[in-house]
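Where a number appears in this text, it was derived from the coordinates with a stated rule and is not lab data. As the structure is a prediction and not an experimental result, all values here were calculated from the model. Cβ atoms come from the backbone with ideal geometry, glycine included; neighbour counts cover every protein chain shown.
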Amino acid sequence: MLKRLPIALAIMIMALFTISCTTQKKASKSSAKTAQPEKKPTKKGGPQPYAKVVTKEAITDNGLFKVHRIDDTYLFEIPDSLFEREMLMVTRIAKTASGIGFGGGKINTKVVRWQKRDKKVIARMVSHSVVASDSLPVHEAVVNSNFEPILFTFPIKAFSKDSTATVIDVSNLFNKDVKALGLPDRYRKQYKISRLDADKSFIESIKSYPENIEARHVKTYAAGAPPSNASTGTISVEINNSMILLPKVPMKRRMFDERVGWFTSSQVDYGLEAQKSKRVTYLDRWRLEVKDEDIEKFKRGELVVPKKQIVYYIDRATPVKWRKYIKQGIEDWQVAFEAAGFKEAIIAKDPPTVEEDPEWSPEDVRYSVVRYLASPIPNANGPHVSDPRSGEILESDINWYHNVMSLLSGWFFVQTAAINPDAQTTEFKDEVMGRLIRFVSSHEVGHTLGLPHNMGSSVAYPVDSLRSKTFTQKYGTAPSIMDYARFNYIAQPEDKGVALMPNIGVYDKYAISWGYRPILDAKTSEDEKKTLDAWILKHAGDPMYRFGKQQSGGIIDPSSQTEDLGDDAVKASDYGIKNLKRIVPNLIEWTSEEGKNYEDLETMYGHVISQFNRYMGHVSSNIGGVYEYYKTSDQEGAVYTHVPKSKQREALQFLHKNLFETPTWMIDDNIFNKFESAGAVERIRGIQARTLNNILDFGRMARMIENETLNGNKAYSLLEMMRDLRRGIWSEIYNGRSIDTYRRNLQRAYIDRMEYLMTQEQTPIPARFRRWASVTEVSVNESDIRPIVRAELKTLQRSVRSSAANSSGMKRIHLQDIAERIELILNPK
């Protein structure tokens, strides 16, 4: 037809035809945009249509991500708005076989970032240990040296119908052996785990909530040394992974000051003006904020309810009769938060019943729970999970082991039974045990609020004040419940009405106020520092406001010890021993029950031995001790000061009198013949040897040498101490008396330790532990230690040979043997 039409007309018809086609295409595109059809796969193996991936059979759970389940397959539908957001992944053992931890125990915490790259979604592990502001040039260098490792990659299965979310299959993330989400290496090594048994591993459930996703999966591992059910050759555990969305804007930090004890987070910040890389340390604490409408009330000094309260739930597994006491322990902290300006800041609640909320789970990170654990471990602890960027505590679980009650029974018995009829039995009344549970609950809650142990608290009280009803009823046994100031072992029978345990004390209120009271006019953490410093200086020098760290690896500062009371270890321990001497003659009566064996007698006698051993440790730590009182450069006085010479010498005299001279009051065959065929002699030797080794410690001896070097005659020198120790332990060779079995054992323990000092080196401290270890390092072979030890051995050898020549029987045999042992040390063959 076109051939027969004029050329011009043909051109016009073709143009109209083209316009028509173009218009149809535009209309088609416009319609497509309105209908928002699914993206089509670009090639085989790429994203599929949404309906083909999320089929009608899918069971969908809406929350942080949509979670779709199709048979055994689990899909995440991740909104585009949540890519690049940081999420905290908390891994816990939810259920376990006997011998493998306990249900509820946290085993890993990681920060995860979800990223979309081409046709894949990547889950990365994020580190916040090294940082710099992204506005600074150095930020690029920090990023380059802090590359985020890839946890897992997922092919994109589909896009949502509106193209604002991405669908991936996450089944393998939980089905495969991803170590960051499974058993940690310490278990794998201990139980000789070789591989994951995939046929016996599966996903139990994945549930999505508004701000978190909870995944439960059963892992079965082939194990060469399983702790239980060994015939299976496997270990099975149910693991819970909680993934919680971190706040887009982190909470404002509060900077750490070592003068107030606190659990902390830290970063190395390369973006600061300092001429070196600087570690920034800040508090771990809950986000307690004043409501906008209450700001003026707060400024006027009125107590206000925070925007978001701290809420603890009591585990459903907790015996009903103990729940109220655990709740009381939680809410005891109300008085501390009132010092910070808040009322009703911390609340204890019962969890909903299964009928009320079948989805409620103690593993859900939205809930902080006091977990009741069926475990023989006699303990409790209070860990927490915090945002590494700011230190904001997001949740906490207090682990309450069933057998903590046996530990409480032993402590309360041995420390108060001499003056307290309620403790003169092995089975306490419910109200007595309930009060003890409340005490431990308060202590553990303190940890979850951010407070570490304050072992320097109890030294604030004069020893005799702990015998006063008026004083102890007002102040308890220590200014802080975070000290290990258990029960009042100092009070004597005539001290009627004294308090027996600590409460939330002066220091606790001060520390919570220092860490939590909002400083409303401070816009940044740096702006707060002047005010925070002023709060500390207000109480500088007052021992009731002092923080003393918990020491590990040894004791350098004797004023910051565990399990002690009062400002004078010698005097306090003397009172304590008087009470132990009252308890021992009554042990059989107080532990006996018709039809029962003597297991309780053996247990409680063991507590007597342990308590006596603590007293020896409290006193011996003064020898070569150095006090540590934290100060900043604007405060006068030393941070470190040596224990006075008189106090060190008094401590050694106390040990000679109460330990090295055989403590015969502990030796009662009427007790021993009820539960052992032998052991009394070895038991005394063990206590004496432990204390002797504590005195003759390389680090302690090095501190004494340094003290004399710096302070001359004002110091208790190592030479003086070694002479006093020798004359006390070997007094029989000077006064001519006989040497009984106990003393012969002690003297051999002395020789063994002297040989150790002459032949061994100090165990090196790994670099990663030096920051926390309470150990003084010394090059033994190049110090004065060995020359002094050699001189002491030569002096002793001469005296021993002289005494042996004038002795007979077992004393002569013993001394001749000692002389030979010394010769072998001095002149080894």
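The alpha carbon radius of gyration of the chain, expressed as a multiple of 2.2 N^0.38 Å, is 1.22. Scattering from the range 50-245 was approximated by placing one identical point on each alpha carbon and applying the Debye formula without solvent; log10 I(q)/I(0) at 0.16 1/Å stands at -1.06. Taking the fewest neighbouring Cβ atoms within 10 Å as the starting point, the ordered list for R389, R486 is R389, R486. Converting phi to 3J(HN,Hα) with the Karplus coefficients 6.51, -1.76 and 1.60 and the offset θ = phi - 60°, the range 251-263 yields 4, 5, 6, 10, 6, 6, 9, 5, 6, 10, x, 7, 6 Hz in sequence order, with x at every glycine or proline.
Working note: Karplus 6.51/-1.76/1.60 with θ = phi - 60° gives the range 624-631 the couplings x, x, 9, 6, 10, 10, 4, 8 Hz, where Gly and Pro are set to x. With axes computed from alpha carbons, what is the tilt in degrees of helix 569-583 against the longest principal axis of the chain, rounded to the nearest 10 within 0 to 90? On a 0 to 90 degree scale, this one is about 80. Using only alpha carbons, the range 613-739 has a radius of gyration to Kirkwood radius ratio (Rg to Rh) of 1.09.
Measuring r between the beta carbons of D80 and E344 and using R0 = 41 Å, the FRET efficiency lands at 0.55. In the range 664-712, one over the average inverse separation of all distinct C-alpha pairs is 13.6 Å, which is the Kirkwood hydrodynamic radius.
Here the contact order of the chain, divided by its residue count and restricted to Cα pairs under 8 Å and six or more residues apart, works out to 8 percent. Helix 599-620 and the longest principal axis of the C-alpha atoms of the chain enclose an angle of approximately 80°. If you take the charge dipole of the range 50-245 about its Cα centre, with +1 on Lys and Arg Cβ and -1 on Asp and Glu Cβ, which of I193, A180, M125 is farthest toward its positive end? In the range 50-245, that residue is I193.
Coordinate range of the alpha-carbon atoms in the range 713-829 per principal axis, descending: 55, 39, 25 Å.
Projecting the Cα atoms of A380, P351, I398 onto the charge dipole of the range 350-417 (Cβ charges, centred on the Cα centre) puts A380 farthest toward the positive pole. Take the Cα of D521, go 7 Å toward its beta carbon, and none of the backbone nitrogen atoms of the range 617-651 fall under 14 Å from that spot. Remark on E395: its backbone amide H falls under 5 Å from those of V385, a criterion applied only to residues 5 or more positions apart or on other chains, H modelled at 1.01 Å from N. Using the alpha-carbon positions of the range 292-386, Rg (one decimal) and Dmax (whole number) come out as 16.0, 51 Å. Positive end of the dipole of the chain (Cβ unit charges, origin at the Cα centre): among N597, G410, Q635, the Cα lying farthest that way belongs to Q635. The convex hull around the C-alpha trace of the range 576-653, projected and averaged over every direction, spans 7.8 square nanometres.
With 19 Å as the limit on Cα-Cα distance, the pairs of K95/K219; K207/K252; K52/K161; K278/K529 that go past it are K207/K252.
Normalised radius of gyration (Cα atoms, divided by 2.2 N^0.38 Å) for the range 289-336: 1.59. Roughly how many debye, to the nearest 20, is the charge dipole of the chain about its Cα centre, given +1 on each Lys and Arg Cβ, -1 on each Asp and Glu Cβ, and no other charges? Charge dipole of the chain: 2820 debye, to the nearest 20. Distant-in-sequence amide contacts of D483, defined by a placed amide H-H separation under 5 Å and a gap of 5 or more residues or a different chain, comprise N454.
Close amide H contacts of E289 (hydrogens built in the peptide plane, cut-off under 5 Å, sequence separation of 5 or more or a different chain): K307, K308. Compared with the dominant principal axis of the Cα atoms in the chain, helix 680-695 is inclined by about 70°.
Here the range 251-553 is assigned +1 on the Cβ of each Lys and Arg and -1 on the Cβ of each Asp and Glu. Its dipole about the Cα centre then comes out at about 740 debye.
In percent, rounded to a whole number, the relative contact order of the range 505-598 is 18, using alpha-carbon pairs under 8 Å and six or more apart.
If you model the range 182-261 as an ellipsoid using its alpha carbon gyration tensor, with each semi-axis the square root of five times an eigenvalue, the axes come out at 36, 21, 8 Å, biggest first.
Evaluating 6.51 cos²θ - 1.76 cosθ + 1.60 at θ = phi - 60° for every residue in the range 208-223, the Karplus couplings come out as 10, 10, x, 10, 7, 10, 10, 10, 10, 9, 8, 10, 10, 10, 6, 10 Hz, glycine and proline recorded as x.
Can you pull the percent of Cα pairs in the range 251-553 with separation above 30 Å? Summing the P(r) tail past 30 Å for the range 251-553 gives 36 percent. Backbone N atoms of the range 684-725 closer than 15 Å to the 7 Å Cα→Cβ label point of E777 belong to residues 699. Using Cα centres only, tell me the gap between the range 456-483 and the range 281-296 in whole Å. Going from one Cα centre to the other spans 31 Å.
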